[in-house]
Amino acid sequence: MNISRMTLAILAIGFTVITAPHPAFTETAATAIEPLVLRKIMRELGKNMQHISDSIAREDWALITEIAPHIADHPKPPLTEKIRILAFVGSDAGKFRDYDEKTHQAGQELRRAAMQKDRTEVISAFATLQESCVTCHQSFRKSFQEHFYEQR
Ligand code: HEC
């Protein structure tokens, strides 16, 4: 082995030692900090709500017509995560589903109002939609935070 190869080898070993995470840390990161797919879906919902709010200001009914279905028919978490969520919410599963259904309906209502270019109806449907988000958050967000993210 020539010198430069040896240097490379030493560097490579040193690098491995420095970058290899402590096993306990990886364990924690994998089990406690890995965010739910639900969170990503929620962020997307949040962005779409902002776009709609902007579009109301611009009276861009066409854009609202386009965005509203992304809220009404938002993606669902994968089955394994759904099972984790349902196991956690337990007897509140019905309530959780009802809240989701309210958001779905309010999203459809918003789309209808936007198609009719009815400003008053759009604003009212948007308020109902927002209400549906916040109602679920008030019941579930904190407990999700505690259950799925906080280290015990
Ligand atoms: C059926 C219940 C439910 C409904 C309805 C709901 N959410 Fe959520 N939302 C949650 C839960 C639970 C969390 C916490 C998820 C997490 O932290 O992993 C959350 C978190 C969020 C977050 C924070 C994400 C982050 O980065 O921590 C945003 C933004 C959000 N929701 C937006 C919305 C919007 C906008 C709507 C309505 C269009 C909505 N949500 C409707 C249950 C709901």
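Rule-based calculations on the coordinates, nothing more; no lab input. Since this is a predicted model, take the numbers as computed values, not measurements. Counting neighbours? That spans all protein chains shown, and the Cβs are built from the backbone with ideal geometry, glycine included.
Before moving on, here are some points about what is shown:
- Each Lys and Arg contributes +1 and each Asp and Glu -1, all at the Cβ; summed about the Cα centre of segment 93-152, the dipole is approximately 80 debye.
- Cβ-based charge dipole, segment 35-149, positive-most Cα from Gly46, Ala68, Gln116: Gly46
- Segment 38-152 shape via C-alpha gyration tensor axes, a/c threshold 1.5: prolate
- Spin-label zone in segment 49-80 - amide nitrogen under 16 Å from a point set 7 Å from the Cα of Phe144 along the C-beta vector: 49, 71-80
- Theoretical FRET efficiency, 1/(1+(r/R0)^6), r = Cβ-Cβ of Ala93 and Arg58, R0 30 Å, to 0.05: 0.15
- In this structure, Ile83 and His137 have a Cβ-Cβ separation that, at R0 = 30 Å, corresponds to a calculated FRET efficiency of about 0.85.
- Here the simple spin-label model places points 7 Å from the Cα toward Cβ, and for Arg112 and Lys40 these points are separated by 3.3 nm.
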